[in-house]
1. Which condition does residue 277 not pass, out of (1) over 30 Å from residue 54 (Cα atoms); (2) in contact with a Leu (Cβ under 8 Å, 6 or more places away or on another chain), if it passes all the others?
2. Considering only residues that are polar (S, T, N, Q), away from ligand 1 (no atom under 11 Å from the Cβ) and under 25 Å from residue 42 (Cβ atoms), which ones fall in the range 134-155?
3. Please tell me if residue 160 is closer than 30 Å to residue 232 by Cβ, touching a residue at least 12 places away in the same chain (Cβ under 8 Å), within 13 Å of ligand 1 (Cβ to nearest atom) and out of contact with any Asp or Glu (no Cβ under 8 Å at 6 or more places or on another chain).
4. Starting from the range 228-244, take each residue that is free of Cβ contacts under 8 Å to residues at least 60 places away in the same chain and on the phi < 0 side of the Ramachandran plot and list its partners that are of a type in the set (Gly, Ala, Ser) and away from ligand 2 (no atom under 16 Å from the Cβ), counting only C-beta distances under 7 angstrom and pairs at least six apart or across chains.
5. Just checking, which of 297, 268 is under 18 Å from residue 153 (Cβ atoms) and either assigned by TED's automatic domain parsing to the domain that holds residue 148 or of a type in the set (Val, Ile, Thr) (or both)?
6. Going by the structure shown, is residue 125 of a type outside the set (Asp, Glu), away from ligand 2 (no atom under 16 Å from the Cβ) and in contact with a Phe, Trp or Tyr (Cβ under 8 Å, 6 or more places away or on another chain)?
7. Pairs please, first residue from the range 300-320 and without any contact (Cβ under 8 Å) to a residue 40 or more places away in the chain and under 22 Å from residue 202 (Cβ atoms), second anywhere and assigned to a loop (DSSP other than H, G, I, E, B) and β-branched (Val, Ile, Thr), Cβ atoms under 6 Å, 6+ apart in sequence or on different chains.
8. For the range 122-141, what are the residues that are in a helix (DSSP H, G or I) and more than 21 Å from residue 174 (Cα to Cα)?
Amino acid sequence: MKSLVPATRSNILKAAEIIKSGGVVSFPTETVYGLGADALNSDAVARIFEIKNRPSFDPLIVHIANINDIKKICHFIPKAAKKLMLYFWPGPLSIVLKKKSVIPDIVTSGLDTVAVRMPNNHIALQLIMKSNTAIAAPSANPFGYLSPTNAAHVSLQLGTKLDLILDGGSTKYGIESTIVSFNHGNPVILRIGSLPIEQIESVIGKVQIMTSSSGQKLQSPGQMARHYSPTTPLKLITSKTKFPSDKSSGLLAFRSPRTSKHFKTIEILSKKGDLREAAANLFGCLHRLERKKLDIIFAEPVPETGLGRAIMDRLRRAAA
Ligand code: TXA
Ligand code: MG
């Protein structure tokens, strides 16, 4: 069976039938491609962990297509969480709340909380609606590696293991959703992502950010020091960086680079220096650099405001 198909109406219906019967389907969201299964079916969810080679301690995000479905999944929804949903859903924001027992333990790795989001992509929304369930979906990449921002990335990394890949073109944002937890009452950012923190704070005020260096217990494996990594070593450029002449090096430039003499290949995130465009291109550029089989990839830092924080977060983890 050919597993990579265009996301036409009839293929979305076919994908929904696969989800209903316990299969695993890759589909686009506005952030990255997901690897989805029926969130209420433990066996189907187990296959996601198997396919991704994902450790069982790393919980999945549950995707819904209707804001009211949150009540079927979560117990108590604090006011500030409700506000965020109303402002930003559908959109690149995952919210962690106390879970109801309909969500099997395997989805949440035994935690009493669940991360939920409503994606802003019509293919994803149609798929969830037609499947008549909630869809548990991590990013569609082997655990720890580069996230997929188009269907070819999924096909190359996991193709043979999936029942179907819905091709919906390149994803709009290119970086995973921002994760906010209300587990202990006050909002805490567990993962910096496509929804800038400034926007969240403009709605609910100051939020705490839990970085892996803040010394608190790790709550989100997306916070692991090394994650989102290409197989080629990656280094962030600083004022002290020396470029080796005896190695084949690649450059991940933010805008047009000042010099190209040290590098065999150059990928530019955004010629005009636009952070949204840079975020959308990040993983695609890294996938291409990885395929060049270079000895090392050097990455230029980007300004750390808005989406620049999410880009720098991913680059630091890729370099760790
Ligand atoms: O943009 C996205 O969020 C994409 C698309 C497919 O929706 N999904 C995604 O999933 O990035 P994944 O599995 O690659 O990352 C999910 C992160 C993990 O780091 C996981 O630890 C965290 O969400 N997470 C899930 N449930 C959690 C929970 N109950 N408490 C804390 N962290 C949780
Ligand atoms: Mg992931």
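The values are calculated or read from the model by the stated rules, or taken from the named source; none is laboratory data. In this text, all values refer to a predicted model and were calculated from it rather than measured experimentally. Positions of Cβ are backbone-derived with ideal geometry, glycine not excepted, and every protein chain shown enters the neighbour counts.
1. (1)
2. none
3. no
4. What qualifies is 243/249.
5. Of the residues listed, the single one that is under 18 Å from residue 153 (Cβ atoms) and either assigned by TED's automatic domain parsing to the domain that holds residue 148 or of a type in the set (Val, Ile, Thr) (or both) is 297.
6. Numbers: of a type outside the set (Asp, Glu): yes; away from ligand 2 (no atom under 16 Å from the Cβ): yes; in contact with a Phe, Trp or Tyr (Cβ under 8 Å, 6 or more places away or on another chain): no.
It is false that residue 125 is of a type outside the set (Asp, Glu), away from ligand 2 (no atom under 16 Å from the Cβ) and in contact with a Phe, Trp or Tyr (Cβ under 8 Å, 6 or more places away or on another chain).
7. 308/302
8. Residues satisfying the conditions are 129, 130, 131.
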